[in-house]
Structures are given as structure tokens and as C-alpha cells.
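Inspection log for the structure reproduced underneath, given as C-alpha cells.
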Amino acid sequence: MTNFILVLILIMNYSNIAFCDQPDLFTPKNNTEHRYHIIPDVMNKVQVLENNINKTGAKIYDADSLPVFPGFPKVINGQSTEGGIYCQMDTDSDMEIVYGIGTTIQAWNIDGSIVTGWPKTLTYNTQGAPAYGDIDGDGEAEIVIGTANVTGVLGILYAFEKNGTPVTGFPINNGGSTRSVVLCDLDMNGSLEIITTKRLSSAGEIYVFKGDGTVYPGWPKSINHVPASGSAAGDINGDGIPEIISESYTSLYAWDRNGNPITGFPFILPNGDVNSYSSPVLADVDGDNIREIIFGSHQTGGAGLGYLYILKNDGTILPNWPKTTTYWIYGPPVLGYLNDDNVIDIVVGDQIGGALANFVYAWDKNGNVLSGFPVGPINAVNNQVALGDIDNDGKLELLVDDNTQENGMGKYSAFNHDGTPLSGWPLPTSGTTMFNMPCLIDLNNDGTLDIVGAGITLFGSNQTSVYIWNAGVSFNVSKIVNPVFQFNVRHNGVYGDNNLVSIGNPDNEIASGFILHQNFPNPFNPTTSLEFVIPEKGFVTLKVYDILGNEVTALMNQNLSPGSYQVQWNGEGFASGVYFYELSVTGLSAKFKETKRMLLIK
């Protein structure tokens, strides 16, 4: 019988490795071919499972099962964590992709060429995925990222315009960030605030900055230990105003936007467990129209278990929770409807170095284990599991990162909604995919799903290879749960806030007689006409969205009689690029919804 030894190591010193970002390495005995990457938690503790593995011969990988976009992969020195983002950075109709890698921010067009004005070189290693949104109220989105040095104490917060120039008031020498920064419009004025962390030697602070680099009133707030992850920002009490939820190593905090603590918080972890990397997720789990807080933790003593908590907004634990996992939880949880019972499900993976010993777990909201789960054993899951329909079967699939590197190769694994392996996977990468969540998006607006992901090589080199794959299936927006880390490019952790715009008419019940015409002219500058026909009286909304799904304007919001209608939209003051217009009608006998694409070129 194979003997398993659980080893808990406290790493006191390691040089040239960014704290909370760069991994230490572990090679199981008698197995120099198959290496495991071990990420210390935010207090430098690691969990290692050592066993005797008899390995014979090298593993041979087939060619990529999905075609890679020409010009990719892009290979950059340094490491990325929590994945990249997609965004609109120029005047063409395609999206660009942005990654924080090592001490750089990289930006590429989908043909592999570098976006004008990029890359940017930074002082310290990037922490987490870049964030994207309008922080200064100028109508154009900016790119924000935090950095940290080896100990995690020193760091600089950066914000850039899409052309690569620094935003006025930035960079800010604020101290080390822990993972992805979060963008949220706290004061509801149309510009986003920046929520980040500051690590101190044995404690920390949560900061909120305005888009001009000044500190938001009421902040920063002190926490009782070092910051453990990125924050979440969303309404958890039903008043329509976002709260901020953050983690220290030993506790979970919640404040209103002005920095006042929410009653019942901080929540002190009760099971001898601590937080690391599993950013909070906000979702209405129990159906009361109030969001709960879902997050994972891990024990550094005892059995070394992981815990998955669901807290109500008063800091109490939802009945039948927490759930335990065999090993540590590092990735944020994700929610979705995995089966056909109309009950929301919660998915998370656990991680440990040294063996195929980890699983992907799934429970329904009541804490019942889903049929077919847990899935495994697999190699350690360090990041959020991506959920989306990637084979057009109308069901959600699970895309999982993997912490091993064999003969220079890593992989993304994929599983069906029932836990069975997805045909045609895993998807090979150069280097391990650990801590790199893939993006699920249609980058070139051709109606086909694209997958963006990365692998990291760590033996003999320290490089990140970024890929774009063509999945070869239709892009079904209604079946993409989290297209990017923490659900959107603002990383606010709010389930359902994925900023994707639906194309087509999947919500039609009876479409006969309803018509939404293509706008004319198209492309246009700056005005265009939008025409539609409704065959019966109904309540009509006609809205315009940008490429990330943000509502730009509502052109119509009223009851209309049957007939043909024409509405003008003036794009003066808006940036060139792709926009969407959506007609939604609730009639006497039918509902209709359809979205079309239009292009503003100046």
C-alpha cells in the first residue's frame, strides 16, 4: 500500500520569488520527470503530499485539440496569476487581451500584434489579473493593476489609459497588493472606485481610491492580519448600494461604502482555518433576494482540511454549511445550474502538491453533493473553476487549471456538468496552468466561442505563454457563467454580473411578427437609425450597450401600440467601436427580445 505523508512546511526565506505570487518547487521522490508547483499561502505555509510514484517513460502529448489563433502563443518572461482579461482598447471591432506578467502589463490584438502604447514595465511583480473600467469618468475605460515586491510589503498601484499613458494621479506608491484589484462605483456617480489591499509586516489595510488617485472618504480600514485575497464589492443588504467584503488571513470583513462595519463582522474563522487567495463571491443562494458571501479557507494544522462557507449578511453561517474538502481551498467558488433541478449549485476545487489527490466538488445550495461529484483525483486546483457551455450541448462545462508540468507541458482539464471528462480535452499548454483562469469570450465578433488561457514554465526558465484558441462552437452568452476571473473585468465577485451581451433571440417565446431591423447606416458616424416592428400592444425597451455589456443609453422605455417605429441614436461623444442595441417587448400574448450589433467609426 502506498504510504502518504502529510508535510506542513513553514518557509522562512526564499529569494527571487515574489511573495504570494511566485511558487516554490517540489519534486516527489523517485520522480524527477513530473514536478509539482507549490504556492505558499499568504503566510508562507504550504501543504505537500509526498508519496512514492513509479513513473516509466515520458508522457507524449497530442497536438492542440483546438486551433490556436495565428500569432499565438505569446511568450513573455515572468509569471501571471488569476488570468488575463479581454477589453476594447482601440477603434476596430475586435477585443484585445491584457495580461499582467512578471513586472510588465502586456496587451495584444487578436492577430498577436502588440497594441499601440504597450507593453508597460513596472517596478514590482504584478498581482492578479488587470482590471478594466472607467475610473475617472471620462467615458473611456482604464486598466488598473497592483504590484508587490518579494515580501509583499512594498508595491505600487498603476492605472493606465488604453493608449498606455498613466492616468492622472497614478501610479500610487501605496504598498503591496494581494491579488486582483476590484473596481466598483461606490458613490453611484458613473465612475468606478478602486478597491485594493496594503500588506504590513503582520497586519494589513483595505484601501479605496478614487479615479484621480485620492483616497475615498472613510478609508483605509485596518484588518487584524495580512490581506489574504482580492475583495468583493456588491449589494448584500438589498438597498441597492454596494458593500465591500475583504479577507484577512484569519477573518472576513464587511463594510458599507463609507467604511462603517456591517453588523456581525468581522467573521472570525471558527475551525482553526485561515484564508488565502479564495476571494469572496456574492450571490443570492437561499432565494431571499439578498446576496450571501461564499468563500473558501484551509487549515494549517490538524487534518489540513479545506472549508467552504456561505455567510448571510449578518455574519451567520447558512444552515448545512460549511462544507469540507480533503485539502486546501485556494480558488474562489463559482455558482451555476449544473443539472436540471432549477436549484443553484456551488463548485470549488482543492489543492495539494505531490500527487493526483485533488477533486472538484459540487453541492446544491442546501449542501447536498451533486451526482457525479466530487470529480477526481486530479492535480491541484488553484484557481476559480470556469463555467460555461463550451460544446453547445446547452449544459455547463467545468474548465479547471492544473498545477503540474510534465516534459515542459501543462494542461487545462474540462468536465461535463455531470462530472464526466469532456471529449477532446485536456487542452495542452506550454507550462503549468496553475492560478491562470481561462477567459470564455467571442473576441472577433464572429459568433464563435474563443478561449484565452496561459501556461507558466518554471524549470530552467520563468515564462508565461498566452494562447487564444478557437473552440469551434457557437458563443452562447446565456450559458457563460464566469467569462473571466470573478465574473467580470472589474473582478467584483458578483455572480450574474458578467457584462456579456446576448446576440440573437434566445429569450423569444413567440417571435412571429416582431422585427428588429439592422441599423442604417452601418458603420455610422455619428448618427444611425434603428427600426423595429411590433404586431401587438406591449411595453417596449430599446437600449444601447457597449462591447462589455455596459448600458450606454435607453432610447425607449414605454408602452407602444402595434406598428413600425424608427429611433435615431447619436453617437457623438462616444468612442469608436462596437455597440449593441437590444429590443425587448412584453406584449399581450408574447415576449420578444433580440440584439444586433452596430459599428461606430469616427
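Okay, here's what the table says:
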| item | result |
| --- | --- |
| Where a residue in segment 530-549 is in contact (Cβ under 8 Å) with a residue 40 or more places away in the chain and over 28 Å from residue 484 (Cα atoms) and its partner, wherever it lies, is of a type in the set (S, T, N, Q) and surrounded by 16 or more Cβ atoms within 10 Å (Cβ to Cβ), with Cβ under 6 Å and at least six apart | 530/519; 541/584 |
| Some residue of segment 84-94 being more than 23 Å from residue 602 (Cα to Cα) and either aromatic (Phe, Trp, Tyr) or buried (at least 17 other Cβ atoms within 10 Å of the Cβ) (or both) | yes |
| Scope segment 208-241; condition assigned to a strand (DSSP E or B) and open to solvent by 60 Å² or more (accessible area, probe 1.4 Å); matching residues | 215, 222 |
| Filter result (polar (S, T, N, Q) and at pLDDT 95 or above) within segment 192-231 | 196, 197, 214, 222, 224, 229, 231 |
| Residue 259 vs. criteria of a type outside the set (D, E, K, R), at pLDDT 95 or above and closer than 28 Å to residue 375 by Cα | no |
| 1 or more residues open to solvent by 20 Å² or more (accessible area, probe 1.4 Å) and polar (S, T, N, Q): qualifying strands (runs of 3 or more DSSP E) within segment 96-189 | 104-108, 125-133 |
| Pick from segment 335-355, criterion among the aliphatic types (A, V, I, L, M) and closer than 13 Å to residue 384 by Cβ, ranking: surrounded by the most Cβ atoms within 10 Å (Cβ to Cβ) | 348 |
| Residues of segment 67-83 satisfying the condition of being surrounded by fewer than 18 Cβ atoms within 10 Å (Cβ to Cβ) and at negative phi | 67, 68, 70, 75, 77 |
| Filtered residues of segment 436-469 (kept if more than 20 Å from residue 482 (Cβ to Cβ), assigned to a strand (DSSP E or B) and open to solvent by 10 Å² or more (accessible area, probe 1.4 Å)) | 457, 463 |
| Segment 544-582, residues that are open to solvent by 50 Å² or more (accessible area, probe 1.4 Å), small (Gly, Ala, Ser) and either at pLDDT below 85 or not in a strand (DSSP E or B) (or both) | 561, 564, 573 |
| Selection within segment 243-274 - under 24 Å from the mean Cα position of the chain (by Cα), part of a loop (DSSP other than H, G, I, E, B) and either surrounded by fewer than 21 Cβ atoms within 10 Å (Cβ to Cβ) or acidic (Asp, Glu) (or both) | 250, 256 |
| Residue check for residue 358: at pLDDT 95 or above and open to solvent by 10 Å² or more (accessible area, probe 1.4 Å) | no |
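The values are calculated or read from the model by the stated rules, or taken from the named source; none is laboratory data. Predicted, not measured: the structure shown is a model, and the values here were computed from it. Note that we place each Cβ from the backbone using ideal geometry, even for glycine, and neighbour counts take in every protein chain shown. These accessible areas exclude ligands, DNA and RNA; they are computed on the full protein's heavy atoms, side chains included. Shrake-Rupley method; radii C 1.70, N 1.55, O 1.52, S 1.80 Å.
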